[in-house]
Amino acid sequence: MTEAAIDSGGVRVPDDLQFRWELVGVGGATYRIADGTSEHRAHVGYCTDALADLLYAVTGLYGDSSGERVSFDLEPVETRWLLRREGSDVAITVFEFPDGATSWGSSDETGGTLSWSSAQSRSALGHAVLEAAESVLREHGEAGYLEKWMRYPFPVAALQDLRRLHRRGDDCRHEQCRSSPEW
């Protein structure tokens, strides 16, 4: 039985969020986020500490923040995720901007195109991002990650923060989150 979230209309929707982050070649990563209805994929360049930025944005949802945002440099496109906390749920909205040089750091989404959106529980989002980052670390190790990503080391501290907060703050349905000791 899967967990369920409540969307903004009060309708219960299953937590079927899937997220994958894969290093490709040297200096790039591809991510895929899907919710059972639709998906979004993008190739991210190494110019920013993209995986750390994502981990810290999701971690921010465990504090007082009602929303977080994270931008990915797709050279020249910018993909921006808005994560708005609504109780125990998170509205995930992804926008794409044609020119990251002019959109980066803008305070709103003017000029962006909606690429994907979903409403999921914080637990589902936290678990999916945590599991994707752990998978990258298992596959490449810290040294292999740095060799492929080049500019930034693997975000160990960000991963540990998210893991700790997810295990402490969410009633995750996954056994490894309920039975594993915190780091």
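The values are calculated or read from the model by the stated rules, or taken from the named source; none is laboratory data. Not measured: the values here are computed from a predicted model. No Cβ is skipped: glycine too gets one built from the backbone with ideal geometry, and neighbour counts run over all protein chains shown. For the accessible areas, the whole protein counts, side chains as well, though only heavy atoms, and no ligand, DNA or RNA atoms are used. Shrake-Rupley method; radii C 1.70, N 1.55, O 1.52, S 1.80 Å.
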Can you work out the Karplus-derived ³J(HN,Hα) for every residue in the stretch 44-55? Use 6.51 cos²θ - 1.76 cosθ + 1.60 with θ = phi - 60°, whole Hz, and x for glycine or proline. 9, x, 7, 5, 10, 8, 4, 5, 4, 4, 5, 4
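If packing is taken as the average count of other Cβ atoms within 10 Å, what order do 88-101, 105-118 fall into, highest mean first?
Details: 88-101: 17.9, 105-118: 13.2.
Ranking, from highest mean packing down: 88-101, 105-118.
Relative contact order for the chain: what percent, with Cα pairs under 8 Å and sequence separation of 6 or more?
Working: 342 pairs, mean separation 40.2, N = 183.
Computed value for the chain: 22 percent relative contact order.
For the chain, go through all pairs of different Cα atoms, get the mean of 1/r, take its inverse, and jot down that Kirkwood value in Å. Intermediate values should be presented prior to the final figure.
Values: mean 1/r = 0.0598 Å⁻¹.
Across the chain, the inverse of the average 1/r is 16.7 Å.
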With θ set to phi - 60°, apply the Karplus curve 6.51 cos²θ - 1.76 cosθ + 1.60 along the stretch 161-176 and write out the HN-Hα couplings as whole Hz, x wherever there is a Gly or Pro. 4, 5, 4, 4, 5, 5, 5, 7, x, 10, 9, 5, 7, 7, 4, 4
Figure the gain on full extension for residue 91 and residue 77 (residue separation times 0.36 nm, minus the Cα-Cα span) and round it to one decimal in nm. 2.8 nm
Please work out how much length the chain gains when fully extended from residue 143 to residue 101, using 0.36 nm per residue of separation minus the C-alpha to C-alpha distance, in nm with one decimal. 12.0 nm
Checked the stretch 30-72 against the a/c 1.5 cut and the a/b vs b/c comparison, axes a ≥ b ≥ c from its Cα gyration tensor; verdict oblate
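When ligands, DNA and RNA are left out and all protein chains stay put, how many square angstrom of accessible area per residue does the stretch 56-183 have with a 1.4 Å probe?
With all protein chains present, the stretch 56-183 gives 48 Å² per residue.
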Carbon and sulfur atoms: what percent of the 1.4 Å accessible area of the stretch 115-172 do they account for? 45 percent
Take residue 156 and residue 174, extend 7 Å from each Cα along the Cα→Cβ direction, and tell me the distance between the two endpoints in nm. 2.1 nm
